Amino acid sequence: MDVLNKFLQAEINSKEYYESIINFINLYEIRKGEFEGNEYVIMKMDRDNFIIFSEYDDGEGGIQIPFSLSIYKNSLLDAINSYAQEKGVI
C-alpha cells in the first residue's frame, strides 16, 4: 500500500489546507504533536521525524490504525510540494 500517495490525494487538495500542513511541519516551536486532516493524522515525533496514518473508529470505543508510514521531514516536504505543484494547488 502506498501510504504517502494516498495521504497526498486525501489531504493536499486546497491551498489553505496545503499551507496549514506545511506550517505544522515547519513550525520549529512544535517539537511534538498531531495534525488531524480529513482522513490522515500527521504525528510529529520530533522536529525532523513524522508518522502518517489513518485511524478508524472500531465501533467499540477504540480506534484501528491499519497502516502507517514513518518519514523524514525533508522527504515529506518534497513529496507534498511536488504533489501540490503537479495538481495546481500552489
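Restricting segment 38-69 to residues that are among the polar types (S, T, N, Q) and under 21 Å from Glu19 (Cα atoms), the residue that is farthest from the chain's Cα centre (by Cα) is Asn49.
Residues of segment 70-90 that are open to solvent by 50 Å² or more (accessible area, probe 1.4 Å) and in contact with a strand residue (DSSP E or B) (Cβ under 8 Å, 6 or more places away or on another chain): Ser70, Tyr72.
Just so you know, in segment 1-52 the residues that are aromatic (Phe, Trp, Tyr) and surrounded by 17 or more Cβ atoms within 10 Å (Cβ to Cβ) include one that is nearest to Val89 (Cα to Cα), and it is Tyr18. Among the residues of segment 53-68, the ones that are modelled with pLDDT of 95 or more and either of a type in the set (Asp, Glu) or open to solvent by 50 Å² or more (accessible area, probe 1.4 Å) (or both) come to 1 in all.
The values are calculated or read from the model by the stated rules, or taken from the named source; none is laboratory data. Everything quoted here is computed from the prediction, not taken from an experiment. All Cβ positions, glycine included, derive from the backbone under ideal geometry; neighbour counts span all protein chains shown. When the accessible area is computed, the model is the full protein with side chains, heavy atoms only, and any ligands, DNA or RNA have been set aside. Shrake-Rupley method; radii C 1.70, N 1.55, O 1.52, S 1.80 Å.
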